Amino acid sequence: MNTLPNNLVLTNILYAVCPDAIADILGGKSYPEIKGKVKFYHTTYGGILIESEIFNLPKKAPEGSPNFFGFHIHENGDCSENFEKTGGHYNPLDRQHPYHAGDMPPLISSDGYAWSAFYDPILTIEETMDKSVVIHDMADDFTSQPAGNSGSKIACGVIRPYHSSSLSI
């Protein structure tokens with residue numbers, strides 16, 4: 001039985017455990033300078049912990065304001081052709097947006113940099129393998145169907161098993 005509060009258990013995973021899977025994020029034709037990592041960790045609660053660190057996101061908001069970007073797991077692990085082959089949001093239970101398994105909290109960028117970590121009680125490492133992580137150029141509105149009106153796909157990475165050489169940026 002865990003004696004630590006849940007938040008400390010999850011924080012310890014980030015700092016003491018190697019990820020189980022990772023997606024190397026690269027920008028597309030419109031924003032080739034975007035790069036980063038999205039890491040996926042098993043947890044003792046079921047579900048997974050997802051951590052992202054993204055660099056060089058576009059700066060669209062007024063100076064000193066945050067920028068918001070749609071952030072999703074898409075059904076196909078194919079980032080070719082400027083991300084046209086990623087398919088829709090991963091949605092194995094055929095639910096309406098924003099209840100797709102692949103719907104994630106938006107990325108919030110300050111001066112082109114975004115870092116986030118969150119617990120997802122629904123996904124497993126195994127089902128995320130060979131899917132893609134996609135960053136969109138606009139914030140997800142969490143209402144519009146079928147995918148939140150989050151705009152163009154600007155960056156992508158395929159989720160693969162972790163290898164220790166995968167962590168350098």
### Query
HN-Hα J couplings of segment 132-149 from phi, Karplus 6.51/-1.76/1.60, θ = phi - 60°, integer Hz, Gly and Pro as x?
10, 9, 10, 10, 9, 7, 10, 5, 6, 8, 6, 10, 4, 9, x, 9, x, 6
#### Entry: Interchain or long-range residues, amide H under 5 Å from Leu123's placed H
Ile48
### Query
Is the shape of segment 39-87 best called rounded, prolate or oblate, per the rule: a/c under 1.5 gives rounded, else a/b larger than b/c gives prolate, else oblate, with a ≥ b ≥ c the square roots of the Cα gyration tensor eigenvalues?
oblate
#### Entry: segment 1-95, accessible area per residue, ligands and nucleic acids excluded (1.4 Å, Å²)
54 Å²
### Summary
Here, Lys60 and Thr44, labelled 7 Å along Cα→Cβ, have an inter-label distance in nm of 4.1 nm
### Query
With charges only on Cβ, +1 for K and R and -1 for D and E, what is the dipole size of segment 85-169 about its Cα centre, in debye, rounded to 20?
220 debye
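Considering all alpha-carbon pairs of the chain, what whole percent are spaced by more than 21 angstrom?
Tail fraction, whole percent: 45.
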### Which of Thr143, Thr44, Gly28, positive extreme of dipole for the chain (C-beta unit charges)
Gly28
### Message
Among Ala61, Gly77, Asn91, which residue has its Cα furthest toward the positive end of the charge dipole of segment 42-97, with +1 on Lys/Arg Cβ and -1 on Asp/Glu Cβ?
### Response
Ala61
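Grab the DSSP H runs of the chain that are 4 residues or longer, score each as -39,500 (n - 2.57), total them, divide by all residues and round the 222 nm result to the nearest 500 deg cm²/dmol. Intermediate values should be presented prior to the final figure.
Details: 3 runs with 19 residues, N = 169.
Using -39500 (n - 2.57) per qualifying helix, the result is -2500 deg cm²/dmol.
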### Message
I need the phi-derived Karplus couplings for segment 63-68: 6.51 cos²θ - 1.76 cosθ + 1.60, θ = phi - 60°, integer Hz, Gly and Pro marked x.
### Response
3, x, 9, x, 10, 10
### Query
For Thr11 and Glu33, what does the FRET efficiency come to when R0 = 41 Å and r is the distance between their Cβ atoms, rounded to the nearest 0.05?
0.85
### Query
How large is the charge dipole for the chain, taken about the Cα centre, if only the Cβ atoms of Lys, Arg (+1) and Asp, Glu (-1) carry charge, to the nearest 20 debye?
240 debye
### Query
Cα axis of helix 6-16 to longest principal axis of the chain: angle in degrees, 0 to 90, nearest 10?
80 degrees
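List the relative contact order of the chain as a percent without decimals, with contacts defined as Cα pairs under 8 Å and 6+ residues apart.
That works out to 28 percent.
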### Task
Measure off 7 Å from each Cα along the Cα-to-Cβ vector at Tyr99 and Arg160, then give the distance between these two points in nanometres to one decimal.
3.6 nm
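The values are calculated or read from the model by the stated rules, or taken from the named source; none is laboratory data. This structure is a prediction, so every number in the text was calculated from the model and none was measured. Please note: Cβ atoms are built from the backbone with ideal geometry, for glycine as well, and neighbour counts cover all protein chains shown. To get the accessible areas, we keep the full protein, side chains included, count just its heavy atoms, and leave off ligands, DNA and RNA. Shrake-Rupley method; radii C 1.70, N 1.55, O 1.52, S 1.80 Å.
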